[in-house]
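Just below is one structure, and these are the notes that go with it.
The values are calculated or read from the model by the stated rules, or taken from the named source; none is laboratory data. All figures in this text were calculated on a predicted structure; none of them were measured in a lab. No Cβ is skipped: glycine too gets one built from the backbone with ideal geometry, and neighbour counts run over all protein chains shown. For accessibility, only protein heavy atoms count, side chains too; no ligands or nucleic acids. Shrake-Rupley method; radii C 1.70, N 1.55, O 1.52, S 1.80 Å.
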Amino acid sequence: MLHSHRLPVEPDADPAARLRAVDAAITQCLSDAGMRPDQIWAVTVGVTGPVDATGRTTLFTPLPGWASVSPAEHLSARFSCPILVENDCKLAAVAERWKGAAQDADDIVYLLAGMRTGAGLILDGTLRRGYGGAAGEIGALKAVRWLAAPSHIENCPGVPEDIHPNDKAAWVFERAREGDQHARTALRRYVKDLAVGAAALVLTLDPQVVILGGGYSRSADLLIEPFERELGRLCLRVPEIRASNLGADSVALGALRVALDQVDARLFTDGMPAPITLQA
């Protein structure tokens with residue numbers, strides 16, 4: 001990765017605000033790397049929600065107003081290269097196989113564990129998107145309890161009222177390490193709910209590895225053992241459970257890999273010279 005730049009966006013930000021942040025991040029990256037838009041040969045955009053054939057998240061997205069947004073169309077005013085749009089969990093799964101904790105595996109379930117729960121699937125070494133881009137979106141089935149799973153941590157008794165929502169989980173994990181019973185109960189309930197959906201994927205796909213990623217993976221030492229026990233109760237065979245080692249870079253790295261694959265395909269087709277690649 002040549003250069004990276006991060007900008008925070010409020011959870012309830014509208015599409016215009018999010019796109020302004022994207023534009024600002026790209027501008028900063030290009031400036032710091034000393035590059036122009038016409039030197040970029042492929043761009044990949046990671047988004048929340050299943051991506052359809054148009055590059056939009058028309059089936060579902062938790063982002064206000066985002067279902068009608070076309071990131072590729074927005075960026076095409078700036079870039080003439082191919083612009084690819086992909087689900088963030090799927091990109092994280094690609095990154096784990098490329099540079100992360102699943103480099104030795106061809107059959108992988110990546111679990112996004114955090115304030116939001118999702119999954120990315122790699123089978124026989126290939127990222128699986130499904131017919132409409134919704135492969136792995138098992139959380140849409142309420143019976144698997146993924147939608148409500150993070151609420152156990154968010155609503156843990158004893159969390160200070162003045163704590164920022166983004167800091168609640170860290171507070172709960174820290175208290176659990178200290179032996180606080182309310183925090184330990186919240187984590188146990190979270191893991192039980194996470195395991196229901198994960199077990200459905202494991203029983204269906206029989207992966208070699210399940211990667212625990214997302215924000216909660218930073219506290220994998222508290223999650224993996226009870227998670228493995230829960231899967232043992234629900235599954236015929238429990239795959240190896242590993243924590244992501246890519247942290248917050250997983251989606252960006254997966255996007256970079258997808259962009260490089262696009263460039264490789266053009267090289268073999270068009271005989272183009274080797275490009276300079278930037279992931280913003």
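Can you tell me which of (1) out of contact with any strand residue (DSSP E or B) (no Cβ under 6 Å at 6 or more places or on another chain); (2) outside any helix (DSSP H, G or I); (3) under 24 Å from Arg128 (Cα atoms) is the one Asp162 doesn't meet?
Against the list (1) out of contact with any strand residue (DSSP E or B) (no Cβ under 6 Å at 6 or more places or on another chain); (2) outside any helix (DSSP H, G or I); (3) under 24 Å from Arg128 (Cα atoms), Asp162 comes up short only on (3).
Which ones in region 25-44 are surrounded by fewer than 21 Cβ atoms within 10 Å (Cβ to Cβ) and of a type in the set (Val, Ile, Thr)?
Ile26, Thr27, listed by residue number.
Kindly list the number of the only condition in (1) on the phi < 0 side of the Ramachandran plot; (2) open to solvent by 20 Å² or more (accessible area, probe 1.4 Å) that fails for Gly65.
Of (1) on the phi < 0 side of the Ramachandran plot; (2) open to solvent by 20 Å² or more (accessible area, probe 1.4 Å), only one is false for Gly65: (1).
With respect to the numbered conditions (1) more than 18 Å from the chain's Cα centre (by Cα); (2) under 21 Å from Gln103 (Cα atoms), which one is the sole condition not fulfilled by Leu222?
Failing condition for Leu222: (2).
Could you look through region 1-24, keep only residues that are surrounded by fewer than 15 Cβ atoms within 10 Å (Cβ to Cβ) and basic (Lys, Arg), and pick out the one that is farthest from Leu253 (Cα to Cα)?
Taking the candidates together, the pick is Arg20.
Identify, from the list Ala200, Ala195, the residue that is among the small types (Gly, Ala, Ser), under 15 Å from Leu236 (Cα atoms), open to solvent by 10 Å² or more (accessible area, probe 1.4 Å) and assigned to a helix (DSSP H, G or I).
Being among the small types (Gly, Ala, Ser), under 15 Å from Leu236 (Cα atoms), open to solvent by 10 Å² or more (accessible area, probe 1.4 Å) and assigned to a helix (DSSP H, G or I) holds for just one of Ala200, Ala195, which is Ala200.
Is it fair to say Leu212 is outside any helix (DSSP H, G or I) and surrounded by 20 or more Cβ atoms within 10 Å (Cβ to Cβ)?
Answer is yes for this residue.
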